[in-house]
């Protein structure tokens, strides 16, 4: 079995909901309450040493409950391992603690998840839109945002 | 091939000698402002490069200030965040000015039909020449510059004079 | 916002009250490669604070891909990093193949390596060329465009397009290599490309002006680079020898003998040197790959993923139906999620794909290598001068298509 997932289950037995290693990717679905602790543990534990936060994204599973999912991809430079951490959030409460204190490089990834999906990162220093313009309303990558619904800044509507 | 010019009441069949001289000077010394946003920008660089050499046509001096340019070459996708910037740049250019819309994204939005892409720059500024392609060959850019030169040479009305299209 | 601060000279405070100036650079600015914007707080020429802004080329790659079939996403991937489009095609195809659990043919792996390395060379040429234009050294730009055009001829022969190639497919490629293509590749890789690299090297590397302009400009330590999420040449210039081709070998990179250049100070000069050396190493890889290139089919023999042969489509009803289903509904990929990363020219290009079965993706997230790099720019230039920002920005190689998607 996977060293990473075993260690994670060993240290946070109550928070890890499920794990799998489909397609060769170690994945753990965890609860959001102690997410910062879990991520800091993954970064600092001498057997794991996940010092790179490669990616953070949101996924919208419209129709499922809980609807949103925040996915972290981590990489360990020394151990040359990857892990994926997922957290599910409810539609009416898409709030999760920010991981900026653990890896400063994850700052803009969180801003993008806010911009595209509307996931709020509690404690983020600057949670503003990053890809879209400020006047844009809504969160475009949500499944219920129609693809061609335009909000033109200038020019005709269509 | 001269075009009937209807402006200022002067309905001449051909341009006067002085106007021809001015047109000759203008067309062989176009100063492009390359508003290159995306992939088409790389082909613009290729057009100015040594294989395709746009300087043979006089349009070598690229000016990065709209105040000093006369052709606005919009190369690449313009989205709603960038569109006000484009309009402002266009407004800052001095008359007479021409606009070349290069590539499918600038002409009609390309294959991006979504919440963020402006479906063609002619929604916000008048365009004289459209170059289709994704991205067009640098030869397409040369073709467009030659078209602009023909427009200048014959005194044909610019797109700005029929803008906005009713 | 405007807090006046005192200038003290020799212990005495003069009567002047100066405030830091807030200026806007971009988004339509030649040195920001268009579409990037900075709001800089300056004290004279020194940058006190820098806020970068982007999104001026956001084209909705993810939303478009959710409405397309698996193969229809390939043209969208070319336009991510548009100076090395073949690498994006390869990265995407690898991610979907990982999800499908299929293993492509040996020949296809070698071909993908060759095209990836060619793309890496042309990407580094654009980076160094445009970086030098921003610093005023225009000749290198023209020198580098010449081999780029030669490589474009090769790519055009391969897939019909110079820039937006859409070459790879799930399970293989669009078409096999044309007759004699590998000989022409070797001719270019032994002729024009090393000559131009040598020319530019002769012009720049020991040039006093270049060294003064780039050494010590925009340095970053290895620890900070890792914390900020840097990957690629910028990380290697800072001293961290991370390269996915060596650390997590994909395709057939483990069969080749090549080196990874690693810098020390992480400044602009190191980034330039790392890129130049990487180009030379890519030439080595291409030589070895062409020498080892096996014969055989380029596509796997699996009717679930590969279009049937045209002759069959015209004669056989099953092949016709198969073809029809592929085009109209898309390749059927199993449900699941996968993250696949390749070493693109700028760093780790990751594709996180979520599939719910069916002909098109449920979600594709691209992890662009430029994203953390652009985030780290204020860190690189704080306390330096405005002209240094331009040098650093060029050397970090921000491609807006990838950054904004």
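The values are calculated or read from the model by the stated rules, or taken from the named source; none is laboratory data. Not measured: the values here are computed from a predicted model. Virtual Cβ from ideal backbone geometry, glycine too; neighbours counted across all protein chains shown.
Figures for the structure shown
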read-out: Test: residue in segment C:318-333 that is more than 10 Å from chain A (Cβ to nearest Cβ) and under 19 Å from residue C:88 (Cβ atoms); value: yes
read-out: Pairs with Cβ under 7 Å, 6+ apart, first in segment B:86-101 and over 21 Å from residue B:153 (Cβ atoms), second in a loop (DSSP other than H, G, I, E, B); value: B:86/B:78; B:86/B:124; B:86/B:125; B:87/A:154; B:87/B:124; B:87/B:125; B:89/C:28; B:90/B:125
read-out: Count of residues meeting criterion [buried (at least 16 other Cβ atoms within 10 Å of the Cβ) and in contact with a helix residue (DSSP H, G or I) (Cβ under 6 Å, 6 or more places away or on another chain)] in segment C:200-220; value: 8
read-out: Residue list for segment C:46-82, filter: assigned to a loop (DSSP other than H, G, I, E, B) and under 25 Å from residue C:27 (Cα atoms); value: C:54, C:55, C:56, C:57, C:58, C:59, C:60, C:79, C:80, C:81, C:82
read-out: Candidate set: segment B:86-101, residues that are in contact with a helix residue (DSSP H, G or I) (Cβ under 9 Å, 6 or more places away or on another chain) and within 13 Å of chain C (Cβ to nearest Cβ); chosen: the one surrounded by the most Cβ atoms within 10 Å (Cβ to Cβ); value: B:86
read-out: Some residue of segment B:90-99 being in contact with a strand residue (DSSP E or B) (Cβ under 8 Å, 6 or more places away or on another chain), modelled with pLDDT under 90 and within 29 Å of residue C:164 (Cα to Cα); value: no
read-out: Test: residue in segment C:281-301 that is touching a residue at least 24 places away in the same chain (Cβ under 8 Å), within 14 Å of another protein chain (Cβ to nearest Cβ) and touching a strand residue (DSSP E or B) at 6+ places or on another chain (Cβ under 8 Å); value: no
read-out: Every residue from segment A:1-39 that is part of a helix (DSSP H, G or I), out of contact with any helix residue (DSSP H, G or I) (no Cβ under 9 Å at 6 or more places or on another chain) and closer than 18 Å to residue C:352 by Cα; value: A:22
read-out: Subset of segment B:141-155 that is on the phi < 0 side of the Ramachandran plot and either buried (at least 20 other Cβ atoms within 10 Å of the Cβ) or part of a loop (DSSP other than H, G, I, E, B) (or both) - its residue that is modelled with the lowest pLDDT; value: B:152
read-out: Qualifying residue in segment C:174-183 (condition: surrounded by 14 or more Cβ atoms within 10 Å (Cβ to Cβ) and closer than 30 Å to residue A:105 by Cβ); value: no
read-out: Elements of type strands (runs of 3 or more DSSP E) in segment A:63-158, at least 2 residues being out of contact with any helix residue (DSSP H, G or I) (no Cβ under 9 Å at 6 or more places or on another chain) and within 12 Å of chain C (Cβ to nearest Cβ); value: A:68-76, A:81-89
read-out: From the options C:326, C:351, residue that is in contact (Cβ under 8 Å) with a residue 40 or more places away in the chain, over 30 Å from residue C:25 (Cα atoms) and in contact with a strand residue (DSSP E or B) (Cβ under 6 Å, 6 or more places away or on another chain); value: C:351
read-out: Qualifying residue in segment C:244-252 (condition: surrounded by fewer than 21 Cβ atoms within 10 Å (Cβ to Cβ) and farther than 25 Å from residue C:368 by Cβ); value: yes
read-out: Which listed residue, of A:70, A:120, A:100, is surrounded by fewer than 23 Cβ atoms within 10 Å (Cβ to Cβ) and under 11 Å from the mean Cα position of the chain (by Cα); value: A:120
read-out: Failed criterion for residue B:128 (all others in (1) crowded, with 19+ Cβ neighbours inside 10 Å; (2) within 14 Å of chain C (Cβ to nearest Cβ); (3) farther than 30 Å from residue A:144 by Cβ hold); value: (2)
read-out: Residue ID - nearest to residue A:151 (Cα to Cα), chosen from residues in segment B:53-85 that are within 12 Å of another protein chain (Cβ to nearest Cβ) and without any contact (Cβ under 8 Å) to a residue 12 or more places away in the chain; value: B:84
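Residue by residue, here is whether (1) closer than 30 Å to residue C:306 by Cα; (2) assigned to a loop (DSSP other than H, G, I, E, B); (3) free of Cβ contacts under 8 Å to residues at least 40 places away in the same chain; (4) more than 14 Å from every other protein chain (Cβ to nearest Cβ) holds:
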{"site": "C:147", "(1), (2), (3), (4)": "no, no, no, no"}
{"site": "C:156", "(1), (2), (3), (4)": "yes, no, yes, no"}
{"site": "C:162", "(1), (2), (3), (4)": "yes, yes, yes, no"}
{"site": "C:175", "(1), (2), (3), (4)": "yes, yes, no, yes"}
{"site": "C:193", "(1), (2), (3), (4)": "no, no, no, yes"}
{"site": "C:196", "(1), (2), (3), (4)": "no, no, no, no"}
{"site": "C:223", "(1), (2), (3), (4)": "no, no, yes, no"}
{"site": "C:236", "(1), (2), (3), (4)": "no, no, yes, no"}
{"site": "C:246", "(1), (2), (3), (4)": "no, no, yes, no"}
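This table checks each residue for (1) within 7 Å of chain B (Cβ to nearest Cβ); (2) modelled with pLDDT of 90 or more.
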{"site": "C:21", "(1), (2)": "no, no"}
{"site": "C:30", "(1), (2)": "yes, no"}
{"site": "C:34", "(1), (2)": "yes, no"}
{"site": "C:61", "(1), (2)": "no, yes"}
{"site": "C:64", "(1), (2)": "yes, yes"}
